[in-house]
Amino acid sequence: DRIGAPVPPGWGVDRNGENCSDAREICQNGGLHPLGGPERTAGYKGYGLGMFVEIVCSVLSGAAVGPDVQEWIPTRDRPINYGH
């Protein structure tokens, strides 16, 4: 709404859940499409869902996270500590 440009198609919805390109309507009465909208506008949010799985399965369970996860090799110097 600050620059007066319409919102790209598939990004937001109005108060009735219909596609909307008016930023003011989206912000005040509508919302963003769940998981990014349709496929043509990158609706698949694999990174976000992957991060959610990482947080739930690793961080909250106390397992290894990110660079602390060991390589998948037959010999290891410590327990695997995978959370999922």
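The values are calculated or read from the model by the stated rules, or taken from the named source; none is laboratory data. It should be emphasised that the depicted structure is a prediction, and the values quoted were computed from it without experimental measurement. Cβ coordinates were reconstructed from backbone atoms using ideal geometry, including for glycine residues, and neighbour counts include every protein chain displayed.
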*Please find, within the range 49-84, the residue that is farthest from the chain's Cα centre (by Cα) out of those that are exposed (fewer than 11 other Cβ atoms within 10 Å of the Cβ) and in a helix (DSSP H, G or I).*
Asp68
*Considering residues of the range 1-17 that are small (Gly, Ala, Ser) and touching a helix residue (DSSP H, G or I) at 6+ places or on another chain (Cβ under 6 Å) only, the residue modelled with the lowest pLDDT*: Gly10
_So Glu25 passes all but one of these: (1) surrounded by 11 or more Cβ atoms within 10 Å (Cβ to Cβ); (2) modelled with pLDDT of 80 or more; (3) more than 14 Å from Pro8 (Cα to Cα). Which condition number does it fail?_
(3)
